[in-house]
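The values are calculated or read from the model by the stated rules, or taken from the named source; none is laboratory data. Just so you know, these numbers come straight off a predicted model, no measurement behind them. FYI the Cβ positions are ideal-geometry reconstructions off the backbone, even for glycines, and counts take in every protein chain you see. All accessible areas refer to the heavy atoms of the entire protein, side chains included, with ligands and DNA or RNA removed. Shrake-Rupley method; radii C 1.70, N 1.55, O 1.52, S 1.80 Å.
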Amino acid sequence: MGAQESLPDAPAQMHHYYSKFMRECPSGLLSLHEFKKLLDLQGLDPQGDLYIKRVFDIFDLNQDGFIDFLEFIAAINLVIRGKIDQKLKWYFKLYDADGNGCIDKKELLSIFTVSQ
C-alpha cells in the first residue's frame, strides 16, 4: 500500500457512486436531513449538529442548500484521493467558521471541544 497502489477503474467507480447516490437520493439532490440520515448522524447534540451542518455547507459548493452528484463526487474525491494540502485547506475552511481567513481563539476552542 502506498503511492503506487492501484485504484479501481475510474468510470466503474464513478458509476458505483452514482448508483449509490441515486438509490439513496432519487431526486438527485441531497438535503441536510438526508445527509445526516445517509451518514447515520441524526439526534446529535447541538454542537454536533452545528459541525455536521458546517461540513454539509462546505460540500454544497454552489450554496443552494443541496448536495448534487457533482458536489458529492468532489467530496468523495477529496476524502479518498485528495492530497494533504487539499485536505488541510478543507479542514481550515471547516474550522474557520466565520470565513475571515483566520482561526481565532473561539474557533480553536471549538476544534478541541468537537474532538473530545
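Could you state the angle between the C-alpha long axis of helix 84-95 and the longest principal axis of the C-alpha atoms of the chain, as a value from 0 to 90 degrees rounded to the nearest 10?
With both axes taken from Cα atoms, the answer is about 50 degrees.
Which residue, Ala12, Leu61, Gln42, has the largest displacement toward the positive end of the dipole of the range 9-81 when charges sit on each Cβ (Lys, Arg +1; Asp, Glu -1)?
Ranked along the dipole, the leading option is Ala12.
Using a basic spin-label model with each label point 7 Å from the Cα along Cα→Cβ, how many nm lie between His16 and Lys106?
Spacing of the two 7 Å Cα→Cβ label points: 4.3 nm.
Just read off the accessible area of Glu24 with the full protein assembly in place, 1.4 Å probe, to the nearest 10 Å².
100
How much accessible area per residue does the chain have, in Å², with a 1.4 Å probe?
Per residue, the chain has an accessible area of 72 Å².
Taking the range 25-89, which chymotrypsin sites (Phe, Trp or Tyr not before Pro) meet the DSSP loop condition and have no more than 13 other C-beta atoms within 10 Å?
none
Roughly how many percent of the accessible protein surface of the range 13-79 is carbon and sulfur, given a 1.4 Å probe and a whole-percent answer?
61
Once the dipole of the chain is set up with Lys and Arg at +1 and Asp and Glu at -1 on Cβ about the Cα centre, which of Tyr51, Tyr91, Met22 lies farthest towards its positive end?
Tyr91
Cα axis of helix 105-115 to longest principal axis of the chain: angle in degrees, 0 to 90, nearest 10?
So the helix axis and the longest Cα principal axis differ by about 50 degrees.
Calculate for the chain the 222 nm mean residue ellipticity that helices alone would give, adding -39,500 (n - 2.57) per DSSP H run of length 4 or more and normalising by residue count, nearest 500 deg cm²/dmol.
Result for the chain, helices only: -19500 deg cm²/dmol.
Suppose every Lys and Arg Cβ carries +1 and every Asp and Glu Cβ carries -1, with no other charges. What dipole size does the chain come out with about its Cα centre, to the nearest 20 debye?
220
For the chain, modelled as a GNM with alpha-carbon contacts under 10 angstrom, which of Ile52, Ile84, Ile73 fluctuates the most?
Result for the chain, Cα springs under 10 Å: Ile84 fluctuates most.
In the range 9-81, if every C-alpha pair distance is counted and binned at 10 Å from zero, what percent goes to each bin?
The calculated distribution, bin by bin, is 19, 51, 26, 3, 0.
What is the set of long-range amide H partners of Leu30 at a cut-off below 5 Å, with H atoms built 1.01 Å from backbone N?
For Leu30, whose amide H was placed from the backbone, the distant partners under 5 Å are Ile67, Asp68.
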